[in-house]
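The values are calculated or read from the model by the stated rules, or taken from the named source; none is laboratory data. Owing to the predicted nature of the structure, the values given are computational and were not obtained by experimental measurement. Virtual Cβ from ideal backbone geometry, glycine too; neighbours counted across all protein chains shown. Areas reflect the complete protein model, heavy atoms only, side chains present, ligands, DNA and RNA absent. Shrake-Rupley method; radii C 1.70, N 1.55, O 1.52, S 1.80 Å.
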Amino acid sequence: MNKKKHVLIGLIAAVILMVSFCHFIGDSEFPISALLNTPGSNNQLKVGKAPPPPPDFGSAAAGFLPTKMEDSEKFALLQKAFKDMGQCLKIQVEELDPQVEINLEYMTNVLTAPLGVISAQNEEWRATDLRTKEGEVRRIYLETIGNVSAESQRALKYYSMSPDGSEKEIPVETELRVNPSDTVISGLEADGTVTDRSVSRRIVFNSGDELVLVEKNGKIFSFSVPHEGKTFSCTGVDTGVNFKCECK
């Protein structure tokens, strides 16, 4: 076999290998970003969307202003939670100011020092609970679909809720389920008396770390902070009732 034939056979083999590799990558569920060191792959731990607070069925505790002056015992719970968060995530978290309400602004300020400045903020969902004249508890749930951009849409879900946690969807015209107007929302709220309003926000720091925080009636209900393989989460923050935190 002469030299030219060797070269020709080598070129054909190389082409076959390249085609086979591309075919494998195209058919495989393995993402190309996992093979390349590109911005497409983010190693930061993420948390999913937070669930809305459970509805109140007539036995809800009133929210408190989380300052030491109003309720020293509940404030001590928060103080310990923030200390535990620092230990869990191995970040420096300052002690809470006993005179300042622990709200979204304060929370982000506390986390700015160890995690960096805020680079993005997105409202992930908004929920409105109401009670009808018959005593039925209903929830209007608006979820943001898509990235934080002009193309984001809001999807509407309207349902009845039972004390056992079960839900029953209440029919809404199809054309009103995507980007419903304020008039549509007001019409649904008119079905009863509004009892609670909740909103979930995802705050992204320039380190890539996140804070997912849920407010209920303007007060922090729950929050989650993932950082370097660990996640610290608390719930029941608004009233101090069923207050629980965990590091995992």
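How about region 157-181: which of its residues are touching a residue at least 40 places away in the same chain (Cβ under 8 Å), out of contact with any Phe, Trp or Tyr (no Cβ under 6 Å at 6 or more places or on another chain) and surrounded by 10 or more Cβ atoms within 10 Å (Cβ to Cβ)?
From region 157-181, those touching a residue at least 40 places away in the same chain (Cβ under 8 Å) are 161, 163, 165; that's our starting set.
From what's left, out of contact with any Phe, Trp or Tyr (no Cβ under 6 Å at 6 or more places or on another chain): 161, 165.
Selection gives M161 alone.
Search region 110-136 for residues that are under 27 Å from Q79 (Cα atoms) and of a type in the set (S, T, Y) and pair each with any residue that is open to solvent by less than 40 Å² (accessible area, probe 1.4 Å) and not in a helix (DSSP H, G or I) when their beta-carbon atoms are under 6 Å apart and the residues are at least 6 apart or on different chains.
The qualifying pairs are S119/V204.
Just one of (1) open to solvent by 80 Å² or more (accessible area, probe 1.4 Å); (2) over 30 Å from K83 (Cβ atoms); (3) not hydroxyl-bearing (S, T, Y) trips up E228, so point out which.
Of everything listed in (1) open to solvent by 80 Å² or more (accessible area, probe 1.4 Å); (2) over 30 Å from K83 (Cβ atoms); (3) not hydroxyl-bearing (S, T, Y), E228 misses just condition (2).
K216 fails exactly one of the following numbered conditions: (1) open to solvent by 60 Å² or more (accessible area, probe 1.4 Å); (2) out of contact with any Leu (no Cβ under 6 Å at 6 or more places or on another chain). What is the number of that condition?
Condition (1) is where K216 drops out.
Mind checking which residues of region 109-159 are part of a strand (DSSP E or B) and of a type in the set (G, A, S)?
Start the filter on region 109-159 by keeping residues that are part of a strand (DSSP E or B), which leaves 118-131, 137-145, 153-159.
Correct list: S119, A120, A127, A155.
Tell me, which strands (runs of 3 or more DSSP E) lie completely within region 171-236 with 1 or more residues that are in contact with a strand residue (DSSP E or B) (Cβ under 9 Å, 6 or more places away or on another chain) and small (G, A, S)?
On the way: elements: 193-205, 210-216, 219-227, 230-235.
Of the strands (runs of 3 or more DSSP E) lying wholly inside region 171-236, those with at least 1 residues that are in contact with a strand residue (DSSP E or B) (Cβ under 9 Å, 6 or more places away or on another chain) and small (G, A, S) span 193-205, 219-227, 230-235.
Looking only at region 182-193, how many residues end up being acidic (D, E) and open to solvent by less than 80 Å² (accessible area, probe 1.4 Å)? Give the steps one after another, and end with the answer.
First pass over region 182-193, keeping only residues acidic (D, E): 182, 189, 191.
Keeping just the survivors that are open to solvent by less than 80 Å² (accessible area, probe 1.4 Å) gives 189, 191.
Result for region 182-193: 2.
Restricting to region 214-248, what's the tally of residues that are of a type in the set (K, R) and under 17 Å from N103 (Cα atoms)? Lay out the reasoning, then the answer.
Initial filter on region 214-248 (of a type in the set (K, R)): 216, 219, 230, 244, 248.
Filter once more, keeping what is under 17 Å from N103 (Cα atoms): 216, 219.
Total satisfying the criteria: 2.
Looking only at region 177-199, count how many residues are in contact with a Leu (Cβ under 7 Å, 6 or more places away or on another chain) and either of a type in the set (S, T, N, Q) or under 20 Å from E123 (Cα atoms) (or both). Explain how you work it out, then say what you get.
Let us first name the residues in region 177-199 that are in contact with a Leu (Cβ under 7 Å, 6 or more places away or on another chain), namely 177, 180, 184, 189, 191-195.
Adding the requirement that they be either of a type in the set (S, T, N, Q) or under 20 Å from E123 (Cα atoms) (or both) leaves 177, 180, 184, 193, 195.
Total meeting the criteria: 5.
Taking region 117-156, which residues are open to solvent by 20 Å² or more (accessible area, probe 1.4 Å) and more than 18 Å from the chain's Cα centre (by Cα)?
Correct list: V117, R131, K133, E134, G135, E136, R138, A150, E151.
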